[in-house]
Every structure is written in C-alpha cells, then in structure tokens.
Amino acid sequence: MKKYSFKNDYSEGCHPNILEALIKTNLSQQNGYGYDDYSDQARELIQQKINHHDADIHFVSGGTQANLLVISSILRPHESVVSAETGHIFTNETGAIEATGHKVHGLITEDGKLKPEYIQSVLDTHTNKPHQVKQKLVYISNSTEVGTIYTKKELQELSDFCKANNLYLFMDGARLGQALTSEINDLTLEDIARLTDVFYLGGTKNGALLGEAIVITNDKLKEEFGFHIKQKGAMLAKGRLLGIQFLELMKDDLYFDLAKHSNVQAMKIKSAFQNKGFEFLSDTFTNQIFPILNNSQIEKLSENFDFYVWKKIDEESSAIRLITSWATSDEVLDEFINEIESL
C-alpha cells in the first residue's frame with residue numbers, strides 16, 4: 001500500500017474540470033500577461049461574488065508570492081507589518097518580507113487570530129518616532145495556520161481598529177474557501193471585501209494546479225500594483241493559465257464545493273479521534289485538525305499515512321497536523337478511520 005499523504009492539501013494535481021478547460025482552450029490564441037479573455041471573465045465573476053465591481057484583481061502563482069507582492073507594494077521603507085506568530089509570513093516564507101527591508105512583528109496568540117488589543121500592544125511600544133519603525137499593515141490568515149477562522153464580529157472589530165489607527169488590513173486567503181464553507185462560519189466574500197483593504201482567494205490549496213487571486217478593494221493600493229508584479233518576476237507571459245483555472249473554479253461555485261468537501265472529510269476524521277477520547281491542540285472546523293497522540297500511536301499511524309508532527313507536548317506525546325483536500329476520498333478515510341479505531 002502506498003502511503004496516503006495528509007501533509008498538505010495540494011499533493012494532487014487539479015480538479016478534472018480545470019484540466020479539461022486547459023486542453024479545450026490550448027490552441028486558442030490569446031493576449032499575454034493576464035489580458036486574455038479567460039482572465040477577464042474570471043475577474044468579472046470574482047467581482048460579482050464579492051459585490052465590488054471596482055475591485056482590482058490580479059492572478060499570481062502562489063501564496064508566498066501573493067504575500068510578498070502585497071506587503072512590499074504597500075509598505076514604505078520605514079514601515080512594518082503586524083502578524084500572529086503562527087502567520088505564514090512570520091514562520092514559513094524564509095524571511096521573504098524581511099528581505100524587502102520590512103520588519104514583521106510576530107505576536108503570540110491563543111488561536112492564531114489577531115485581536116485589536118494585541119496590535120495595540122505593538123503600537124504602544126513604538127511611539128518613539130522617527131527612531132522606531134512605523135506600523136502600517138496588519139496581516140491575518142483565514143483560515144489561520146492552526147485551522148481556526150475569524151467571525152464576522154472579530155473581523156469587523158479588526159477593520160474598525162485598523163481604520164481608527166491608519167493601518168491597512170490584509171487577509172491571506174490561501175485557505176479562504178475552507179474558512180467560508182466551515183460549518184461555524186458567518187462571514188461572506190462580500191463581508192471580507194468590505195472589511196479588508198486587500199485579500200486573496202487561494203487556488204493552489206483548493207483544486208487548482210497553481211494560482212492565487214489577489215483582490216484589492218482600497219483605491220489607494222491599486223495604483224501601479226502591476227509594476228510590482230512585473231518587477232518581482234510574478235507576471236506570467238501566459239497569464240491565461242491562471243485565468244482559465246479561476247474561471248473554472250468560480251463558475252457554478254466549484255471553488256466552494258471543493259472547499260466544503262475538504263472540510264467535511266476533515267470533520268469525519270475529527271469525530272473518529274473524538275470518539276476515541278483524544279484531545280486536540282485547537283478546536284478546528286476547517287480542513288486542518290491537530291489531534292494529540294502519544295509517540296507509539298504516532299508511529300503506528302505513520303506506517304501507512306504521512307502527516308506532520310506539529311508540536312511536541314511533552315516527552316511522551318505530540319500534536320500532529322492532518323490536512324484533507326478537495327480530492328480526499330471516502331475510501332481513504334475509511335482506511336484511516338479504521339487505523340484510528342485500532343489505536
């Protein structure tokens with residue numbers, strides 16, 4: 001039996017609809033650099049879904065690229081960004097933001113989510129200006145890197161705080177589909193477009209071969225963004241490859257169907273662990289779960305399934321991270337749940 005990987009939600013290729021669309025349109029001549037018909041149609045669909053027809057939408061290849069482009073385009077040389085300590089820009093992007101000359105303030109949180117009082121603590125300790133960096137941007141992820149999601153109330157409070165303190169709010173949406181289709185979610189795409197200055201829809205982790213759709217709603221941040229994309233090597237000559245994928249994902253709500261499937265499959269695994277009395281590092285309702293197992297149980301599960309050992313709890317146990325995808329089948333889950341029940 002080949003090991004099945006729960007390490008990430010992009011081990012597979014892409015949804016068949018995307019592959020078929022790429023083949024079908026392969027010999028259609030189109031303009032380059034994102035000015036093709038498919039990218040235009042995908043942008044229009046996204047604008048409709050967020051109910052913001054003036055939003056600027058740019059397609060790029062990956063999440064780190066999206067984060068780097070957005071943050072480096074917004075910040076002036078003396079400005080910084082605030083993030084949760086678990087935030088992808090703080091832990092998993094090889095200092096990409098710092099490499100552009102910008103400090104990242106990493107804040108310890110209980111659940112991967114920022115609150116106004118956390119951000120205020122940074123502002124309070126950076127009042128000696130111009131001798132200290134100036135905070136200008138708040139970075140959040142939804143769902144977060146530990147699988148939690150923001151409520152509408154929480155996002156509204158963050159948005160209000162940022163506006164009151166002249167800060168921009170940027171949402172990393174690498175797993176935004178999973179956040180919006182979580183069984184406990186009360187946010188809509190329209191809410192997110194209204195409450196943030198810029199966010200992106202992640203395709204790489206939700207059925208695309210690659211690609212993220214950056215959505216800029218604040219007019220101040222739109223001007224000359226294309227120059228940043230080109231300068232940093234993120235502008236694909238064959239931009240159609242991204243446009244076609246997002247067109248397929250957005251039409252008929254395939255994007256949300258795939259995200260919901262990955263959540264549903266994760267919740268089946270969560271229930272299996274709960275039924276056996278296991279505890280979790282965090283209580284999540286998206287496609288990332290973090291059960292706590294002892295060393296021998298981890299070793300047994302890893303014989304047939306791959307996953308990350310996420311955090312050491314003590315000498316005898318650790319939390320593991322399991323991520324389901326749009327393609328995780330019931331057959332795989334049955335095998336995995338049998339393994340859980342035998343622990």
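Below, the figures for the structure above:
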item: Sequence-distant residues sharing a close amide H with Tyr168 (under 5 Å, placed H); result: Leu137, Val138
item: Largest-first principal axis extents of the Cα set of the stretch 19-166 (Å); result: 58, 33, 29
item: Distance in nm between pseudo-label sites at Asn295 and Ser342 (7 Å out along the Cβ direction from Cα); result: 2.3
item: Pairs beyond 28 Å (Cα-Cα), from Lys163/Lys251; Lys2/Lys205; Lys3/Lys312; result: Lys163/Lys251
item: Rounded Å value of the spacing that divides the Cα centres of the stretch 263-290 and the stretch 180-217; result: 23
item: Spin-label pair Asp160/Ser317, simplified geometry with 7 Å Cα→Cβ offset, distance in nm; result: 3.9
item: Whole-angstrom Cα spans of the stretch 255-343 along principal axes, big to small; result: 41, 24, 22
item: Point-to-point label distance, Glu303-Ile184, nm (Cα→Cβ direction, 7 Å offset); result: 3.4
item: Hz values of 3J(HN,Hα) by residue in the stretch 51-62 - Karplus curve (6.51, -1.76, 1.60), Gly and Pro given as x; result: 6, 8, 7, 9, 5, 8, 10, 10, 9, 10, 7, x
item: Antiparallel bridges, percent of DSSP beta bridges restricted to the stretch 16-253 (to nearest 5); result: 40
item: Net charge of neighbours whose Cβ lies under 15 Å from the Cβ of Gln274, counting Lys and Arg as +1 and Asp and Glu as -1; result: -1
item: Charge tally in the Cβ shell below 10 Å around Thr328, where Lys, Arg are +1 and Asp, Glu are -1, Thr328 excluded; result: -3
item: Rel. contact order, % - alpha carbon contacts under 8 angstrom, at least six apart, the chain; result: 24
item: Label zone at Gln41, where the point sits 7 Å out along the Cα-to-Cβ direction: the stretch 208-246 residues whose backbone N lies under 16 Å; result: 239-246
item: Around Gly207: net Lys/Arg minus Asp/Glu count, Cβ-Cβ under 14 Å; result: -4
item: Of all accessible heavy-atom area on the stretch 16-253, the percent that carbon and sulfur account for (1.4 Å); result: 49
item: Cα centroid separation, the stretch 141-179 to the stretch 44-70 (Å); result: 16
item: Extension gain (nm, one decimal) between Leu27 and Glu279, 0.36 nm per residue minus Cα-Cα; result: 85.4 nm
item: Most mobile listed residue (Asp257, Asp197, Asp314) in the chain, GNM with C-alpha springs under 10 Å; result: Asp314
item: Rounded accessible area per residue of the chain, 1.4 Å, Å²; result: 46
item: Highest-MSF residue in the chain out of Asn218, Asn92, Asn142 [GNM, Cα springs under 10 Å]; result: Asn92
item: Mean-position separation - Cα centroids, the stretch 115-132 and the stretch 297-341, in angstrom; result: 40
item: Theoretical gain in end-to-end length, Thr127 to Gln48 [0.36 nm per residue, Cα-Cα removed]; result: 24.3 nm
item: Among Ala213, Ala237, Ala179, residue whose mean-square fluctuation peaks in a GNM of the chain (springs only between Cα atoms under 10 Å); result: Ala237
item: Built amide H within the under 5 Å cut-off of Lys311, gap 5+; result: Ala319
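The values are calculated or read from the model by the stated rules, or taken from the named source; none is laboratory data. Not measured: the values here are computed from a predicted model. Because the Cβ atoms are built from the backbone with ideal geometry, glycine has one as well, and the counts that use them run over all protein chains shown. Accessible surface areas use protein heavy atoms only, side chains included; no ligands, DNA or RNA. Shrake-Rupley method; radii C 1.70, N 1.55, O 1.52, S 1.80 Å.
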